Each structure stands twice: as structure tokens, then as C-alpha cells.
Amino acid sequence: MEMDERKTKILLAIIKNYLDTGEPVGSRTISKDTDLNLSSATIRNEMADLEEMGYILQPHTSAGRIPSDKGYRFYVDSLMEAKEREVADMKDMLLERQDKLEDMLKSVVRALARDTQYATMITAPTTHRNKLKFIQLSRVDREHLLAVVVIEGNVIRNRMIDIAEEVNDETLLKLNMLLNTQLNGLAIEEINLSMVAKLKQQAGIHSGVIGDVIDEVVETLSEDKDLEVYTSGANNIFKYPELADNENASKLITAFEEKQLLGDIIHSEDASEETGIQVYIGGENKNSDMQDCSVVTAVYDLGDGMKGTIGIVGPRRMDYEKVVGTLKSIKTNLDDLYRKQ
């Protein structure tokens, strides 16, 4: 006999019901709880085959079935394979989407420079609310685990964890279930000492592994990724006499080449809550190299806490009406543009 799709669904249904209730599972329960649309008699025949194959046991003559060690092994292997496939698919999707997002942002900033005739910049979105979405622990070898941590915004980060004890598949499954049940949806400030102590207690003899994993998760949530900034139109600066003298132009060009300076220039905590747009005129600029300029910024939001900033740099006599209108349009449409990629 072969383990076909129908037998697999029935076996998994038996295991899940038994895990939930701790009671032997009968054919009527399976027929009610699954979408197989099979009669109890057909399910009983399949259960008899599964018992003969060694995947389930019948503890008493009139009782339902319970999983055997072989059945649990099939369940664990299937679950681990599905989770690993899910993470791999997510990685592929996010990498493809990231490439498309980068191309789109570069196109936006070039179009903005061309339309306004000023210097323009845009930051790649970063995660402003680092909440945990998913953890997947996989064994690398006897001394190492790989923790794949997915945080809000579908950002994936990998951490290698040294372990002092060998962890088998069943233990790894339990640790994955424990971590995801307790930590999913939490931000770093919500993972406190009492929660960690509770998790360690539930992990029993594997409390050390749980402690190491949580340390890596907290560090991952705390990481600040390097700011990625795309620029265009720096040469537009030379079109305005008040900015085109050697000293001013040199300072501005240097600022456009330094990520940290750009981050300071378009830092938009003061942006209007209503419009998301902030205007800095001359001496209002926090960066000394921008004292002869005006800088207009807007925060865009792609959802899931993923936000970035668009900035336009020009002379103090810039066309504010046009710049603000353009930024409002870009800010409004950027999310839709991203979703179409």
C-alpha cells in the first residue's frame, strides 16, 4: 500500500484531533472535521489501511485510533518540510519584490528631479514597528541552529545560534511551536523577563536553547539597517546662481554623496500629521550645508510599518506650490505603485 493524498489527509486529521483532545479519534469525528466528503465507512477502511501500515494504533477494540511513533514521525517531517518550503517561497518572493521596489524608487527620484528641476532624494523604506511575525528554527549540525526571523514588513533576517546540546526533530518542532505561539505579534519592548522565564519553564530541559534563541531575536529586532538613499538631479543645483558658486556647490554635492548627511537632511519627524509634508527654509535646516537652501520632505507609507522619506532640495526661491503639490501626488500614489510591482 502507498501513502496517497487521501490517506495523508486522514492521518493528519487524526493526529491534529488527538493533539487537541488526547482522546482516540473515530471515523465519525474525521468525517465531520474534514472536507474530504467521505462516508464513515470509507474513512474506516482507510484507517484500517493506515493501521496496517503502522501509522496509527487502536488502543482498545471499540475505541478510535491514536498516532503511532511512525505516524508522529510522518507528521513532524511533513510539518518541517512545509515550513521550510514556506520560508523559502517567502524569501524568493521578497527578493524579487525588493528588486522591483529598488527599480521603482530610482525611477521615482529621477522623474521627480526631471519634473521639478531641483535635486531630489528618496530613502528605501525601513521598518518602524519591529514586531515579530514568525520564527523558524532549523538544524544546521549538532552544534548550530539557524533561526529565520520574519519581522513586520516581511523583512527576513537569519541568525546562526550556537547550542550546547543536540536537538532532534521532535524537540525542534516543539520549540518552534512554543516560540511562535508566545512571541508572534510582539514588539521588542513587549518581550520582558517574566515572559522569557515562562518560556524557559515551558521548554524544560531545553531552556538554554530557548534563552539563546530569544537573545538572538531581541538583537534582530533591535538592529538598525543601513539607510539606503537614492538621489538624482544634483547637477540641477548649478542652475541657480545663489547655489552655484564653488563653495556652496561643493558642500551640496558632498552632502549628496554622504548617506548620513542625507539622512539628517530629510529626517522628517516634524512632518505635518495632516499632509505628511515638512518645509525647511534656509536657516531652519538642521544641516549647516543647507543654510542657503530650502528642503521639502514627505513621508510615504507602504503599510506594515514600512516607511521612507522623499526630499527635494532647491534654492530658497523654489516654486513651493509646485513642489508641495508634486510631493503630495507622489506620496498618495507610491503605495499603489508598489503594490502593482
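The values are calculated or read from the model by the stated rules, or taken from the named source; none is laboratory data. This structure is a prediction, so every number in the text was calculated from the model and none was measured. In this analysis, Cβ positions are derived from the backbone assuming ideal geometry, glycine residues included, and neighbour counts consider all displayed protein chains.
Is one or more of the residues making up the range 16-33 touching a residue at least 24 places away in the same chain (Cβ under 8 Å) and within 27 Å of SER138 (Cα to Cα)? It would help to see each step written out before you state the result.
Going through the range 16-33, the residues touching a residue at least 24 places away in the same chain (Cβ under 8 Å) turn out to be 18, 23-27, 29.
Of the ones still in play, those that are also within 27 Å of SER138 (Cα to Cα) are 18.
Yes.
Exactly one condition in (1) within 29 Å of GLY208 (Cα to Cα); (2) of a type in the set (Gly, Ala, Ser); (3) at pLDDT 80 or above; (4) exposed (fewer than 14 other Cβ atoms within 10 Å of the Cβ) is not met by SER78; state its number.
Going through the list (1) within 29 Å of GLY208 (Cα to Cα); (2) of a type in the set (Gly, Ala, Ser); (3) at pLDDT 80 or above; (4) exposed (fewer than 14 other Cβ atoms within 10 Å of the Cβ), SER78 breaks only (4).
Mind checking which residues of the range 102-143 are over 30 Å from VAL209 (Cβ atoms), among the aliphatic types (A, V, I, L, M) and not in a helix (DSSP H, G or I)? Before the answer, list the steps.
Of the residues in the range 102-143, the ones over 30 Å from VAL209 (Cβ atoms) are 102-126, 128.
Next, only the ones that are among the aliphatic types (A, V, I, L, M) stay: 104-105, 108-109, 111-113, 119, 121-122, 124.
Hits for the range 102-143 are ALA119, MET121, ILE122, ALA124.
From ILE66, ILE30, grab the single residue that is in a strand (DSSP E or B) and surrounded by 17 or more Cβ atoms within 10 Å (Cβ to Cβ). Break it down stepwise before answering.
Details: ILE30 fails: in a strand (DSSP E or B).
Going through ILE66, ILE30 in turn, the sole match is ILE66.
Could you grab me the full set of residues in the range 19-32 that are hydroxyl-bearing (Ser, Thr, Tyr) and within 39 Å of the chain's Cα centre (by Cα)?
The first filter runs over the range 19-32 and keeps only residues hydroxyl-bearing (Ser, Thr, Tyr), leaving 21, 27, 29, 31.
Selection gives THR21, THR29, SER31.
Count, please, the residues in the range 35-54 that happen to be polar (S, T, N, Q) and assigned to a helix (DSSP H, G or I).
Residues of the range 35-54 polar (S, T, N, Q): 37, 39-40, 42, 45.
Now restrict to residues that are assigned to a helix (DSSP H, G or I): 40, 42, 45.
Final tally of qualifying residues: 3.
Do we find that SER194 is surrounded by fewer than 19 Cβ atoms within 10 Å (Cβ to Cβ), of a type in the set (Gly, Ala, Ser) and at pLDDT below 80 in this structure?
Values: surrounded by fewer than 19 Cβ atoms within 10 Å (Cβ to Cβ): yes; of a type in the set (Gly, Ala, Ser): yes; at pLDDT below 80: no.
Judged against the criteria, SER194 is not a match.
Which of the numbered conditions does PRO125 fail, given that it passes all the others? Conditions: (1) buried (at least 19 other Cβ atoms within 10 Å of the Cβ); (2) at positive phi.
Going through (1) buried (at least 19 other Cβ atoms within 10 Å of the Cβ); (2) at positive phi one by one, PRO125 breaks only (2).
How many of the residues making up the range 269-308 are modelled with pLDDT of 85 or more and either of a type outside the set (A, V, I, L, M, F, W, C) or surrounded by fewer than 19 Cβ atoms within 10 Å (Cβ to Cβ) (or both)?
So the answer is 6.
Just to verify a result, which residue in the range 33-45, among those that are over 41 Å from the mean Cα position of the chain (by Cα) and modelled with pLDDT of 85 or more, is surrounded by the fewest Cβ atoms within 10 Å (Cβ to Cβ)? Full working, then the answer.
In the first step, residues of the range 33-45 are kept if they are over 41 Å from the mean Cα position of the chain (by Cα); the result is 39-42, 44-45.
Of the ones still in play, those that are also modelled with pLDDT of 85 or more are 41-42, 44-45.
Values: ALA41: 10, THR42: 15, ARG44: 17, ASN45: 13.
Here the answer is ALA41.
Among the numbered conditions (1) within 27 Å of ASP69 (Cβ to Cβ); (2) in a helix (DSSP H, G or I), tell me where VAL196 comes up short.
The one condition VAL196 does not meet is (1).
For the range 212-224, enumerate the residues that are out of contact with any helix residue (DSSP H, G or I) (no Cβ under 6 Å at 6 or more places or on another chain) and at pLDDT 80 or above.
Across the range 212-224, the qualifying residues are ASP212, VAL213, ASP215.
Does the range 15-39 hold any residues that are among the charged types (D, E, K, R) and farther than 20 Å from SER78 by Cβ, and which are they?
Keep residues of the range 15-39 that are among the charged types (D, E, K, R), which gives 16, 20, 23, 28, 32-33, 35.
Within the range 15-39, GLU23, ARG28, LYS32 meet the criteria.
Could you look through the range 310-341, keep only residues that are modelled with pLDDT under 85 and β-branched (Val, Ile, Thr), and pick out the one that is farthest from ILE237 (Cα to Cα)?
Going through the qualifying residues, I end up with THR332.
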